[in-house]
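All remarks here apply to the structure that follows.
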Amino acid sequence: MYKNIFVPVDNSEHSIQAVDLAVELAGKFDSTVTGSHAYAARMHDYRFKQMEYTLPEEYLEEDAMEKQRKIHDTLITMGLELISDSYLVVADKRCKEAGVPFVPKMYDGKNWRVIAEDIEESDYDLVVMGALGLGAVKDSVLGSVCERVTRRVRTDTLVIKQLEPERSVKRGSIAVGIDGSPESFAGLRTALELGRKLDRPVEAVSVYDPYLHYAMFNSIVNVLTEKASKVFRFKEQEQLHEEVIDTGLAKIYQSHLEVARRIAEEEGADLKITLLDGKAFEKLLQYVRREEPWLLVLGRIGVHSDKEMDIGSNTENLLRKVSCNVLLSSQRYTPPVDVSAEASMLWTEPATRLLNTAPDFARGIAKTTIHRWAIERGHSVITRKIVEQAMGNILPRSSMVKMGIIAEQTATLALESTDSVTYVCARCGYAARGFEPARCAVCGSPSESFQRLDKEAITALSQREGGATEESAFDDVKLKWTKDARVELRRIPDGYQMRRAKAQIEKRARVRRVPTITKDMVISVTQQHLEDTLHLSSPGVLKSPSAHGDGARDADTKPAAEDLIRDGDLLWTPRAWARLERVPEGFMRNRTKERVVAVAKGRNTTLITLSTTEEGIKEGLKLMEDMIREQAVT
């Protein structure tokens, strides 16, 4: 897969880690490693000429000046070449030790520019480079050279962000973000091959956002004129979004995951799949912090990007924010089910007209959905009836009436009652109204994973939570909030984040046809917002001791004696100490450490494990939440 691996080096910590990984991959793929270093002799020459006027008077004579220039040029050029050569010696030595062919390169010029030019002009299959260089400081997250190179090249690029001790480098999975784009599916195939070579599990994650339109409508409705509000018809649009996006979009992204699983099965690999709802960047970041993968694979651009785009916004944000290594996939791969459908399917004119009624941004997704539905059932010609049946698989009939896909009289008897019972999937949040599903239409979970929402019980619960107050949403839909639910929402101190959380909670309640929002419905949303606001949502935060499974817990509680870290009379496991160091330095970390030590004393032990540390952090977070709640009430 990778026959020529390119590594820019500067002997920084991240650069050395990049060299080590490049050498390991080269050994697995029988590749050649090309190492490079860029120096800027011309820049030094230019600076020297700028400062010539500061030389002593005896050097300002023309002959003396010319002599000094020649000496400076020779020393600078030779010196920088020697330094560059010494940088490459480290990579050369690592390759020789591993029996990997090595090709050294040196250039004179602006580092990021000459590196990017070399990558574009050469036949490298993979670029491995450190996220930070020698110029990094404490708060650096992405170096300027790395950022500029990744924007300009179209070769798969693996950015090294983790600096882990050797004993923990082999830990962690390979996670792939799947959004249906050819770049994301190409990234999946790369991840599967890397997983085989490096003996790491691979998992795929998709994120769809059913809250975007609700939050957007909610934020602008009060600033529009009455005439503009009538043109936008927010009430009708939001009703359509609730029926189309909340059901159809989830199924479409789940179908991307099912295609990904099929690709993995064909390559003989198991693939864990996860569907999340929310903003793609935010949910993937939370997923990485929670699951702690070794590598996150992302398409350089996403499903909605133009081909000319340098890097997608979600990919750029994640490249900066995640703590794990990141592979930007620039290759493109269209799954066979979509290729064969595009090549073999014929569309009738009525079917084409019906497809063209969809908005431009949704037309491609709709066509892919129809193709997949038809090919799985053996159809070769797409008729209007097939479009109706395929779309009926992901859209409620009421939505199909509004979109003109089917006539109203054919759907009248099938329209759902707003008073019907709702069943919610505990795994993915899909809401089924009016019937108890045998399995989830989105994630495939069995019927026992569904929770029945009893509206009478919710109404009774509202009385125990201080009563309920009714308010109108932006489109005049009435919703009730219990007093405890409002107090719970006010735990979020930031006003903007609180409004976002409120919109998300309201959206969920409306989709599930729940008339009253209770405290339990708010907690799952506010908890995540609080973690982000308090900067405590880095890897491992607020997980239960068993979050990594029993095996991982046992490994932490029974480490090798030489791995333990002594701190006074206490011993810390490496994972416990690393977790503590992720808490911001200063007062917060000191207070957190005190609480962790108190938990250990309460357990009558001198060994502090990850579970002990997590419990101490939880207690600290609870104290902060109590303080925020008291301030909100007062």
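The values are calculated or read from the model by the stated rules, or taken from the named source; none is laboratory data. The structure presented is a predicted model; accordingly, all values stated were derived computationally and were not measured. Positions of Cβ are backbone-derived with ideal geometry, glycine not excepted, and every protein chain shown enters the neighbour counts. Protein only, heavy atoms only, side chains kept; ligands, DNA and RNA dropped before computing areas. Shrake-Rupley method; radii C 1.70, N 1.55, O 1.52, S 1.80 Å.
Quick check on region 98-144: of everything there that is touching a Cys at 6+ places or on another chain (Cβ under 8 Å) and assigned to a strand (DSSP E or B), which residue is most open to solvent (accessible area, probe 1.4 Å)? The selected residue is F102. For region 565-597, a residue qualifies if it is modelled with pLDDT of 85 or more and more than 12 Å from I608 (Cβ to Cβ), and exactly one does: E594. Among the numbered conditions (1) assigned to a helix (DSSP H, G or I); (2) open to solvent by 10 Å² or more (accessible area, probe 1.4 Å); (3) of a type outside the set (S, T, N, Q), the only one that G187 does not meet is (2). Against the conditions (1) at pLDDT 55 or above; (2) surrounded by fewer than 20 Cβ atoms within 10 Å (Cβ to Cβ), P539 satisfies every one except (1).
Scanning region 186-212 for residues that are more than 21 Å from L25 (Cβ to Cβ) and among the hydrophobic types (A, V, I, L, M, F, W, C) turns up A204, V205, V207, L212. Whenever a residue of region 254-279 is more than 14 Å from V176 (Cβ to Cβ), its partners that are open to solvent by less than 60 Å² (accessible area, probe 1.4 Å) and at pLDDT 85 or above, lying with C-beta atoms within less than 7 angstrom and at least six residues away or across chains, give the pairs Q254/L275; D277/Y208; G278/V207.
Every residue, every condition in (1) at pLDDT 85 or above; (2) of a type in the set (S, T, Y); (3) in contact with a Cys (Cβ under 6 Å, 6 or more places away or on another chain); (4) not in a loop (DSSP other than H, G, I, E, B), yes or no:
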| site | (1), (2), (3), (4) |
| --- | --- |
| L275 | yes, no, yes, yes |
| K283 | yes, no, no, yes |
| Q286 | yes, no, no, yes |
| L298 | yes, no, no, yes |
| L328 | yes, no, no, yes |
| Y333 | yes, yes, no, no |
| E342 | no, no, no, yes |
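If you go through region 17-31 and keep only what is open to solvent by 20 Å² or more (accessible area, probe 1.4 Å), within 26 Å of the chain's Cα centre (by Cα) and not charged (D, E, K, R), you end up with just Q17.
Of all residues in region 313-339, those that are open to solvent by less than 50 Å² (accessible area, probe 1.4 Å) and touching a strand residue (DSSP E or B) at 6+ places or on another chain (Cβ under 7 Å) total 11. Note on region 85-134: residues that are at pLDDT below 90 and of a type in the set (K, R) amount to 1.
With respect to the stated conditions, V522 fails to be crowded, with 21+ Cβ neighbours inside 10 Å and at pLDDT below 80.
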